[in-house]
Each structure stands twice: as structure tokens, then as C-alpha cells.
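Remarks on the structure that follows.
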Amino acid sequence: MQSGPDLFSAGRERRRRRVAPLADRMRPRSLQEVVGQPDLLGKGAALRAMVESGRLVSVLLFGPPGTGKTTLARLMASESDAVFEQLTASAHGVRDVRRVLEGAERRLGEAGTRTVLFLDEIHRFNKAQQDALLPGVENGTVILVGATTENPFFEVNSPLISRCTLFRLIPLSAAAVVELLQRALTDRERGLGAAGMAIDPSAAEALARRAGGDARLSLNVLELAAIVAGGEGQATITYRHVEEALQRRIIRYDKKGDQHYDVISAFIKSMRGSDPDAALYWLHTMLSAGEDPEFVARRMVIFASEDVGLADPDALVQAVAAAQALAMVGLPEAAYNLSQAAVYLATAPKSDSVKRSMGAARQAVDETSAATVPAHLRSTGGRLVSSEVDGTPAGYVDPHTGPGHLAPQPYLPEQMEGRILYRPTRQGREAGIADRLEEWDMVLGRPTRTGDRRD
């Protein structure tokens with residue numbers, strides 16, 4: 001029979017469970033209940049083997065929200081009979097870390113009991129705060145489980161990374177999320193099973209897709225959708241109930257994190273790959289998530305010269321016009337202008353000849369740093385030059401006086417003679433430039449530039 005204090009604690013835990021969110025109530029109690037992460041928890045996987053053996057090492061878990069980082073930390077402690085301590089970097093500091101380390105040291109010395117310190121959002125700790133963890137991790141006073149949604153190589157100190165094993169968690173598959181939803185609906189003790197609620201298969205699939213692999217989010221939405229359906233006297237959660245619970249599209253995006261770089265990269269590469277559908281999708285992913293629209297507009301202006309270039313000179317006009325329209329009218333109306341520019345850039349012929357020419361020019365400058373301007377190209381600048389004739393350096397021929405407005409004479413320094421920097425492609429309107437240059441090179445006696453071999 002339970003004693004008074006134990007009975008009181010059990011009752012308090014039951015009451016907490018009743019008011020806790022569904023996602024917290026349905027948190028897996030063993031490795032067997034964990035859904036997803038097959039690379040980490042499949043048969044023979046390193047993380048699973050470590051937890052089941054009870055021989056824990058400090059780890060860093062990084063991945064999107066709702067993929068099981070907190071759950072795995074709790075299971076590491078429970079499966080090895082260790083004490084679980086949890087801190088959140090955004091709410092705790094070095095004083096809290098030291099308090100946990102002191103308690104862990106005392107516990108280890110008195111009873112041989114280990115402590116798992118789960119530090120959520122470890123990337124929010126600065127260098128000094130992260131350094132405070134090093135002694136406890138180094139001597140094994142605590143088993144550190146650091147969780148972060150950011151790339152730890154950018155956000156966590158190298159000394160701490162070197163003392164931890166890194167595990168990357170991925171978003172749950174749609175099938176895994178549906179399994180979690182069904183489990184929550186049938187579990188009478190912790191879930192919604194006692195309410196006798198079901199979910200339409202199409203609604204479950206829609207929720208699984210919209211949750212983006214986030215288990216916690218999917219269960220929270222399910223709980224609200226069940227409340228909405230129950231309020232209408234319905235025993236089945238429909239697609240409409242799910243939409244009502246979602247309210248608006250859920251977008252996983254962090255303007256300062258990896259998503260910021262990943263999505264803008266996808267946007268640029270979609271335009272480069274001439275896919276207007278993908279370009280529009282990633283553009284509106286950023287706009288819907290609150291990305292700085294001026295940042296997006298600047299990238300399109302750059303793209304217009306870097307990836308379209310002279311294949312369609314109007315691409316730069318479109319991109320600059322969209323950026324100016326954004327400054328004039330702002331969002332949401334400027335989304336039309338940004339969308340127009342994105343579609344134009346994606347569907348324009350592509351040429352990176354400008355970018356390649358820039359690279360060749362910079363290399364040439366580096367290699368000929370001592371080059372001087374040929375005498376016939378120099379500006380007199382009011383200087384008395386003995387060879388000057390009517391204000392023009394001797395030897396210079398005005399191209400407008402020659403046939404076809406061409407005059408055979410060198411324009412590059414002597415060290416650069418015969419060197420070609422710009423090689424046009426035959427994409428779009430740049431093909432006309434290529435033809436024109438080929439004709440001029442012959443007339444002027446310049447080396448013939450071969451076209452872009454990738455054409």
C-alpha cells in the first residue's frame with residue numbers, strides 16, 4: 001500500500017497528466033514507443049545501442065522542432081536509471097549549470113547515481129556559458145545531452161563538440177505522423193481514446209503533410225481539432241476540423257538559422273534551373289514566413305546579371321524594377337512585382353558569361369599588377385605631352401573615324417596582349433553579341449574567341 005507522501009505524489013502526477021497538452025501526455029515511455037528516426041533507433045544503430053547498454057556518453061542532438069530531442073534525452077536517463085535534470089539555455093545561466101553540476105557530483109559520490117543534464121537550445125548559450133559545461137562533461141560528472149535546431153558546428157564551441165557525439169534528427173515521415181495520430185486517438189490512459197474520437201483518413205494525411213514532420217505540432221493540432229469536432233457533436237475529425245485547428249499554413253522557417261540559407265539557396269537554384277513553379281514556391285515560402293523582402297529583391301538583382309546576364313539584358317531591368325516597386329508600395333502588394341520578376345528570371349535564357357568574365361578579369365589583374373596604360377590611351381589631364389596632337393595622345397585613332405566605327409589598335413596593356421576574358425554564350429540575345437564580336441575580331445585582327453563550349 002502506498003504511503004501518504006507517495007500517494008500524494010501519484011495523485012499530483014495524475015492531475016498534471018490530465019491538464020498537460022496531448023503531446024506531453026503521449027511522450028514515449030520507452031525506445032519501443034518512439035516513432036521515426038530509423039537511422040538512430042533502428043536495429044544496430046549507435047544511439048539505440050548506447051541507450052540499451054546503459055553506457056551513456058555526452059551527445060548533441062540537432063534537428064528541427066518536434067523530432068524527439070527531449071524524448072530521447074529523457075529515455076537516456078530513464079533507461080539507465082540516471083537522474084534527469086533539464087535546463088533551457090534561453091531561461092537559465094551559468095549559476096544554474098553550476099547548481100546542477102554540484103548536485104550531480106554529490107549524487108555520484110554518495111550513491112554512484114549518474115545525472116543526465118538536458119540543455120535545450122544549447123546554441124543560445126554564449127562561449128563563456130558553454131565553457132562552464134566543460135569540466136562536468138570532461139570528468140563525467142554529468143552526461144550532457146545538448147539539443148539544438150541549429151547546425152552545432154556553427155553554434156557550439158569546438159571544445160564542447162569534441163567531447164560529445166553528434167546525432168542528427170530528421171523530420172518524421174507522413175506515415176510516422178499518421179501512426180502517432182492514431183495512437184493518440186486510441187490510447188485511453190494518456191490520449192483521446194476515452195472520448196471515442198476518430199479521424200477521417202484524408203484529414204489525418206493532410207495534417208501529417210502540413211505538420212512538416214513535427215510530432216509535437218501534429219498532436220497539438222489533433223487535440224484542438226478534436227475539441228472543435230466535439231463542440232459540434234461530431235465523433236469524427238474531418239479535414240475541415242483540421243483546417244480550423246491549423247488556422248493558417250505552418251511554415252518551418254528561421255530567418256537567422258539554416259532554413260534562411262537553405263530556402264534562399266533553393267530559390268536561386270530553382271530560377272537557375274529554369275523552374276518557375278519551384279521559384280514561386282520558395283519565394284512565397286520566404287514571404288509567408290516573414291523573410292525580409294528587400295533581401296529577396298537584392299538576390300534577384302544579383303541573379304539577373306550572374307545567371308541570366310546578356311542572354312536577356314532585360315532581366316536586370318525586371319529585377320531592379322521589382323526592387324523599386326517593393327520600395328514604393330511595400331508588401332503585400334509588392335508580392336505581385338516580386339513574383340513577376342521571379343517568373344521572368346526563371347524563364348529567361350541563362351548565361352553566366354558575365355560571372356566567368358569577372359573571374360577571368362580579376363585573375364588577369366592579379367597576374368599583371370605592374371601593367372601600365374598604353375601611351376595612346378592615356379588621358380592628358382591638362383598635362384603637357386610632347387606627342388599630344390589637338391588634345392589627343394599621338395597614336396590614338398578615334399574608332400568613329402574608321403569604317404564600321406572600328407579602328408585596329410591595342411586597348412590592353414602589353415602584358416595582356418592576345419588574352420581573352422569575355423567569351424559569350426549563344427543563349428538568347430547573347431548569340432547576337434557572339435556573332436557581332438566574331439565579325440569585329442576578324443576585322444580588327446584580334447584573336448578569335450571561341451563560344452561557350454557548354455552551348
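The values are calculated or read from the model by the stated rules, or taken from the named source; none is laboratory data. What you see is a predicted model; the values in this text were computed from it and never measured. Note: ideal-geometry Cβ built from the backbone for every residue, glycine included; neighbour counts use all protein chains shown. Calculation scope for accessible area: heavy atoms of the full protein, side chains included, ligands and nucleic acids excluded. Shrake-Rupley method; radii C 1.70, N 1.55, O 1.52, S 1.80 Å.
Couple of notes before you dig in:
- Residues located in region 407-449, provided they are without any contact (Cβ under 8 Å) to a residue 40 or more places away in the chain and touching a Leu at 6+ places or on another chain (Cβ under 7 Å): Pro408, Tyr411, Trp440, Val443, Leu444, Arg449
- Some residue of region 230-239 being open to solvent by 50 Å² or more (accessible area, probe 1.4 Å), more than 18 Å from Arg27 (Cβ to Cβ) and part of a helix (DSSP H, G or I): yes
- Of the residues making up region 306-317, one or more are crowded, with 22+ Cβ neighbours inside 10 Å, β-branched (Val, Ile, Thr) and farther than 26 Å from Leu412 by Cα.
- Every residue from region 30-59 that is of a type in the set (S, T, N, Q) and loosely packed, with under 12 Cβ neighbours inside 10 Å: Ser30, Gln32, Ser53
- The sole residue among Glu179, Glu150 that is assigned to a helix (DSSP H, G or I), of a type in the set (D, E, K, R) and surrounded by 14 or more Cβ atoms within 10 Å (Cβ to Cβ) is Glu179.
- Filtering Arg210, Arg188 for residues that are among the basic types (Lys, Arg) and either within 30 Å of Leu60 (Cα to Cα) or touching a residue at least 40 places away in the same chain (Cβ under 8 Å) (or both) leaves a single hit, Arg210.
- Single residue of region 60-90 satisfying the filter (in a loop (DSSP other than H, G, I, E, B) and more than 25 Å from the chain's Cα centre (by Cα)) that is surrounded by the most Cβ atoms within 10 Å (Cβ to Cβ): Ala82
- Residue match in region 165-175 (condition: outside any helix (DSSP H, G or I), at pLDDT below 90 and more than 21 Å from Glu33 (Cβ to Cβ)): no
- Residues that are in a helix (DSSP H, G or I), open to solvent by 40 Å² or more (accessible area, probe 1.4 Å) and either at pLDDT 75 or above or closer than 21 Å to Val373 by Cβ (or both) occur in region 424-435; there is at least one.
- Residue selected from region 366-376 under the condition surrounded by 15 or more Cβ atoms within 10 Å (Cβ to Cβ) and not polar (S, T, N, Q), by the criterion modelled with the highest pLDDT: Pro374
- Annotation: of all residues in region 397-406 being free of Cβ contacts under 8 Å to residues at least 24 places away in the same chain and in contact with a helix residue (DSSP H, G or I) (Cβ under 6 Å, 6 or more places away or on another chain), the one that is most open to solvent (accessible area, probe 1.4 Å) is His405.
- Test: residue in region 33-42 that is under 26 Å from Leu134 (Cβ atoms) and within 24 Å of the chain's Cα centre (by Cα): yes
- Members of region 265-291 found to be under 15 Å from the mean Cα position of the chain (by Cα) and part of a loop (DSSP other than H, G, I, E, B), listed by number: Ala289, Gly290, Glu291
- Boolean, Ala245 is open to solvent by less than 50 Å² (accessible area, probe 1.4 Å), part of a helix (DSSP H, G or I), under 22 Å from Arg190 (Cα atoms) and at pLDDT below 90: yes
- Within region 344-365, if we keep just the residues that are open to solvent by less than 80 Å² (accessible area, probe 1.4 Å) and among the hydroxyl-bearing types (Ser, Thr, Tyr), the residue that is nearest to Glu414 (Cα to Cα) turns out to be Ser357.
- Among residues of region 71-97 that are on the phi > 0 side of the Ramachandran plot, those with a Cβ under 9 angstrom from a residue that is surrounded by fewer than 16 Cβ atoms within 10 Å (Cβ to Cβ), sequence gap 6+ or separate chain, pair up as Asp81/Gly54; Asp81/Thr113.
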